[in-house]
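Enquirer: So that we are looking at the same thing, I have put the structure below in structure tokens.
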Amino acid sequence: MIPRSQYTTDKPAYEVDQEVFRRFPVPKQAFVTLGQKDTGQTGILYSLEKMFAAMGNNIMKNTPGKTRLDYALHLGANAVNMVLGEYGLPNSHFLKWEPLFIPELLTERPVETDPETLTELVKNAANVYGSDMTGITGLDKKWVYSQDLEKPFVFQDVAKPAETENEFIIPDSVTHAIVMGVGMNMDFIDTSPAVLASTAASVGYSRMGILAVSLAEFIRSLGYIAIPCMNDTALSIPLAVDAGLGEIGRHGLLITPEFGSSVRLCKVLTNMPLIPDKPIDMGMTDFCNQCLLCADVCPSSAISKGKPTFDGVCENNNPGIKKWYIDAEACLKFWQINGTDCAQCISVCPFTYGYEWSQCVKCERCETTQGCALHVVTFLRQKYGYIKDAHWGSRPVNNPLLRTGL
Ligand code: SF4
Ligand code: SF4
């Protein structure tokens with residue numbers, strides 16, 4: 001992980017219009033709303049039925065990049081994700097809110113040590129389990145979903161997290177989130193909208209499941225509460241911003257110094273006393289304001305070409321935060337036609353690979369004497385071993401992803 005020391009900021013990570021902002025409910029996600037429009041049924045996966053129909057069509061036609069062999073590789077990569085958490089269903093599968101395999105004598109009493117030591121232990125454990133970047137933040141309840149598909153998430157003064165017939169109960173004592181990122185294979189992502197790019201995402205999802213489950217069990221073994229989450233329970237991107245892992249770009253995704261947006265996120269919520277990290281400012285808002293690459297290539301015109309606003313552009317947005325909003329149903333409709341998901345906005349973003357001169361052709365200004373945000377990130381990637389070779393005349397060559405964990 002590239003040290004964040006030169007990027008940390010005391011500025012608030014978000015501008016929030018408190019009059020407008022409300023916690024986001026899962027039924028407003030495009031996966032749910034589009035699935036309802038298509039099938040009349042409520043769930044996360046119904047919107048993918050058309051995508052699977054297009055998959056069958058691609059296989060029948062032997063479409064290059066979308067053959068049966070391509071889909072087979074993708075489905076194998078996704079298997080561990082489906083076993084452990086199915087993209088993230090709260091308190092379900094192996095994402096249970098109770099200890100899975102920990103002897104009771106270890107969960108009864110928390111280990112007695114200081115927050116600095118616990119923070120170091122947790123980050124080291126995350127690394128052992130395969131995290132490529134780990135940050136800690138105080139848990140801002142704004143980012144916890146107001147409800148899952150049916151039941152609300154509530155905070156109460158209780159000893160343990162619980163699910164009842166009517167609600168998911170998170171103890172008031174759960175005040176921190178450990179956010180972890182796994183880098184995706186950039187060469188696979190570069191093939192988007194082919195299936196190999198989806199394979200990179202699926203490997204990421206499977207690794208997310210391993211990470212969230214393993215770190216939660218580690219924390220429980222030290223006597224603390226742990227709620228393992230993939231996409232469920234709380235919004236991963238704003239938590240990752242708060243934890244200093246990166247910034248939000250025009251395409252609505254996290255941009256990190258190490259991998260740009262070629263990264264997947266998971267988190268563990270806990271009552272363990274930990275030292276939070278600070279948000280970072282790499283200058284992404286200024287950079288994205290003058291760069292329109294993702295908006296230009298998006299096949300569904302889902303990405304805004306304007307300035308950040310507090311107003312959403314569709315029913316799937318959560319207005320009240322100043323940022324670029326994405327037309328999420330338009331994006332998903334392209335996935336349905338494509339027969340697999342899309343990562344065009346990730347593959348084209350110059351922060352995915354690092355500085356290349358063609359970006360300068362479109363850019364109107366060099367912001368600092370050291371170069372722009374992209375120059376600085378590219379230099380740091382080379383310094384810390386993420387880039388093999390950065391010639392300023394061509395796209396940098398990334399080193400293969402280093403895996404030290406599970
Ligand atoms: S994933 Fe594809 S369709 Fe969706 S916003 Fe990105 S480029 Fe557009
Ligand atoms: S492609 Fe350009 S505008 Fe889009 S997220 Fe990346 S840097 Fe920002």
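The values are calculated or read from the model by the stated rules, or taken from the named source; none is laboratory data. Only a predicted model underlies this, so the values are computations on that prediction, with no experimental measurement involved. With ideal geometry, Cβ positions are generated from the backbone for all residues, glycine too; neighbour counts draw on all protein chains shown. Ligands, DNA and RNA are stripped out before the accessible areas are found, and what is left, the full protein with its side chains, is counted by its heavy atoms. Shrake-Rupley method; radii C 1.70, N 1.55, O 1.52, S 1.80 Å.
Enquirer: Contact order normalised by length for the stretch 22-68, with contacts defined as Cα pairs under 8 Å and 6 or more residues apart; what percent is it? Please report the intermediate quantities before stating the final value.
Expert: Details: 40 pairs, mean separation 10.2, N = 47.
So the answer I get is 22 percent.
Enquirer: Please tell me the relative contact order of the chain in percent, rounded to the nearest whole number, where contacts are Cα pairs under 8 Å and at least six residues apart.
Expert: Relative contact order comes out at 22 percent.
Enquirer: While we're looking at this one, here's another question. Please compute the contact order of the stretch 39-163 in relative form: average sequence separation of alpha-carbon pairs under 8 Å and at least six residues apart, divided by the residue count, as a percent.
Expert: Working: 44 pairs, mean separation 18.9, N = 125.
Across the stretch 39-163, relative contact order equals 15 percent.
Enquirer: OK, next. Quick one: dipole size for the stretch 60-398, taken about the Cα centre, charges +1 on Lys/Arg Cβ and -1 on Asp/Glu Cβ, in debye to the nearest 20.
Expert: 1040 debye
Enquirer: Can I ask one more? Viscosity 1.002 mPa s, temperature 20 °C: give me the Stokes-Einstein translational D for the stretch 207-308 in µm²/s, with Rh taken as the Kirkwood radius over C-alpha pairs.
Expert: D, rounded to a whole number, is 139 µm²/s.
Enquirer: If you count, for each residue, the other Cβ atoms within 10 Å and average over each peptide, how do 342-349, 371-378 line up from highest to lowest?
Expert: 342-349, 371-378
Enquirer: Over the stretch 60-398, what percent of the accessible surface lies on carbon and sulfur atoms, probe 1.4 Å? Intermediate values should be presented prior to the final figure.
Expert: Numbers: 7770 of 13900 Å².
About 56 percent, which is the carbon plus sulfur part of the accessible surface.
Enquirer: Ranked by accessible surface with a 1.4 Å probe, highest first, in what order do Leu254, Leu406, Leu89 come?
Expert: Highest to lowest solvent-accessible surface, that is Leu406, Leu89, Leu254.
Enquirer: Could you check which residue among Gly183, Gly40, Gly76 shows the biggest mean-square fluctuation in a GNM of the chain with a 10 Å Cα cutoff?
Expert: Gly40
Enquirer: Suppose each label sits 7 Å from its Cα in the direction of the beta carbon; what would the Lys37-Arg109 distance come out to in nanometres?
Expert: 5.8 nm
Enquirer: Taking the dipole about the Cα centre of the chain, with the C-beta of Lys and Arg at +1 and of Asp and Glu at -1, give me whichever of Gly76, Ala159, Pro64 is farthest to the positive side.
Expert: Pro64
Enquirer: Asp389 versus Leu292, label points 7 Å from Cα toward the beta carbon: distance in nm?
Expert: According to this spin-label approximation, the distance is 3.5 nm.
Enquirer: Only bridges whose two residues both fall in the chain count here: according to DSSP, what percent of them are antiparallel, nearest 5?
Expert: 85 percent
Enquirer: Okay, moving on. Using modelled backbone amide H atoms (1.01 Å from N, in-plane), which distant-in-sequence or interchain residues come within less than 5 Å of Asn398's amide H?
Expert: Lys388
Enquirer: Given 20 °C and 1.002 mPa s, compute D for the chain with the Stokes-Einstein relation, Rh being the Kirkwood radius over Cα pairs; round to the nearest whole µm²/s.
Expert: For these conditions, the coefficient is 98 µm²/s.
Enquirer: Then there is this: Sorting Tyr129, Tyr71 by accessible area (1.4 Å probe), largest first, what list results?
Expert: Final ranking, largest accessible area leading: Tyr129, Tyr71.
Enquirer: Taking springs between alpha-carbon atoms closer than 10 angstrom, which of Gly209, Gly339, Gly320 fluctuates most in the Gaussian network model of the chain?
Expert: Taking springs between Cα atoms under 10 Å, the residue moving most is Gly320.
Enquirer: Net charge near Leu196, counting Lys/Arg +1 and Asp/Glu -1 over other residues with Cβ under 12 Å of its Cβ?
Expert: Net of charged neighbours comes to -3.
Enquirer: Which percent, to the nearest 5, of DSSP beta bridges fully inside the stretch 45-197 are antiparallel? List each step's numbers first, then the result.
Expert: On the way: 9 of 13 bridges.
Among the beta bridges of the stretch 45-197, antiparallel pairing accounts for roughly 70 percent.
Enquirer: Moving on. Nearest 500 deg cm²/dmol is fine: what mean residue ellipticity at 222 nm does the chain get from its DSSP H runs of n ≥ 4 alone, each adding -39,500 (n - 2.57), divided by its residue count?
Expert: -10500 deg cm²/dmol
Enquirer: Keeping every protein chain in place, order Met60, Met186, Met82 by accessible area at 1.4 Å, biggest value first, i.e. largest first. Display every interim value, and only then the final one.
Expert: Numbers: Met60 165, Met186 20, Met82 70 Å².
Largest to smallest exposure gives the sequence Met60, Met82, Met186.
Enquirer: Right, next: In Å², and per residue, what accessible area does the stretch 60-398 have when probed at 1.4 Å with the other protein chains present?
Expert: 41 Å²
Enquirer: State which helices in the chain qualify, where a helix is a whole DSSP H run, it must extend 30 Å or more along its own axis by its Cα atoms, and its mean Kyte-Doolittle hydropathy must be at least -0.5.
Expert: Numbers: long enough: 195-221 (39 Å, 1.01).
Those that pass (Cα extent of 30 Å or more, hydropathy at least -0.5) are 195-221.
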